[in-house]
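Let me begin by presenting the structure, written as structure tokens, before commenting on it.
The values are calculated or read from the model by the stated rules, or taken from the named source; none is laboratory data. Just so it is clear, the model here is predicted, and its values are computed rather than measured. Please note: Cβ atoms are built from the backbone with ideal geometry, for glycine as well, and neighbour counts cover all protein chains shown.
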């Protein structure tokens, strides 16, 4: 008679039992099967039960559960989704992030005047920073000086630079650059990318753009992390060392392409719960990224050298932190989100109710 074990997640398992010696009676054999089945059930349900307890205690988490942290928000990497998650995780625990009077913490300039930059109730007293900030030495000194004396957790998120560039090109809507690159969001392929990169390599094309446009499109990571102020054709001497120092200064890194693993890392490092990792707006994955050959990637990285160097170093740091526990946790992150999505689909009143970044900060500014 087959033995079926149902775990706490509702999944059925039929344990295979191999007996290497003859059992004295059929009853003894059945007893052994039942013992093994119970053992398997205990093992299989432990992880799911832990996840359910974790989700259930999210609302009761104390203020000390989440350490102080700085999320170095990058452009066109999924950082706004992470910001919304972090904002609500803080609020559920009675904690507040730094609230910028406008959209950013001084960005694209340095964050050096908190009394003019921060708003809301008790603006200089906050537990975390989750807004765009240009991570220069001056910005870093100002922010960490307010958060002292301890050292907050530092982390960021990155995305494949090719995908990030295409997303930025469409999102920022710079018509001059779009026309120069023959950009059509419905005709993005490898041939177009090769032509676009070749055009960007021309100084006359880059010269048509404002400095800020070059910063957003051509040196997104290097500018956000305070390692460059304008595009340069050739790799700067010492840049790789500076980039490695930056990566070494971070406590962990999130990778857009590995979302569930990233949420598992976020949960571990910030003592969060699985409920905290539910994707804002229960969003689903969008269009698949453009598949390119290694030769095209090499061409891209020759022009976008700073983005590629920083991404590769961040990616190495990310994978170095992924262990078996993170792999298991990522599967539970995915299950938690699948369950939340199913619940939302059943309840039409929840559609579109999740705050976006601006809604959240507007509410805190009025508080």
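Put simply, of 342, 363, 331 the only residue that is assigned to a helix (DSSP H, G or I), more than 30 Å from residue 169 (Cβ to Cβ) and either modelled with pLDDT of 95 or more or touching a helix residue (DSSP H, G or I) at 6+ places or on another chain (Cβ under 6 Å) (or both) is 331. Of the residues 312, 307, 298, the single one that is at negative phi, over 18 Å from the mean Cα position of the chain (by Cα) and assigned by TED's automatic domain parsing to the domain that holds residue 163 is 298. Here residue 296 clears all of (1) touching a residue at least 60 places away in the same chain (Cβ under 8 Å); (2) surrounded by fewer than 18 Cβ atoms within 10 Å (Cβ to Cβ); (3) in a loop (DSSP other than H, G, I, E, B) except the condition numbered (3).
Of all residues in the stretch 103-118, exactly one satisfies the criterion of being within 18 Å of residue 71 (Cβ to Cβ) and exposed (fewer than 14 other Cβ atoms within 10 Å of the Cβ), namely 103.
Note on the stretch 236-280: residues that are assigned to a loop (DSSP other than H, G, I, E, B) and either touching a helix residue (DSSP H, G or I) at 6+ places or on another chain (Cβ under 9 Å) or outside the structural domain of residue 315 (by TED's automatic domain parsing) (or both) amount to 8. Restricting 224, 204, 230, 251 to residues that are over 26 Å from residue 152 (Cβ atoms) and in contact (Cβ under 8 Å) with a residue 12 or more places away in the chain narrows the list to 230.
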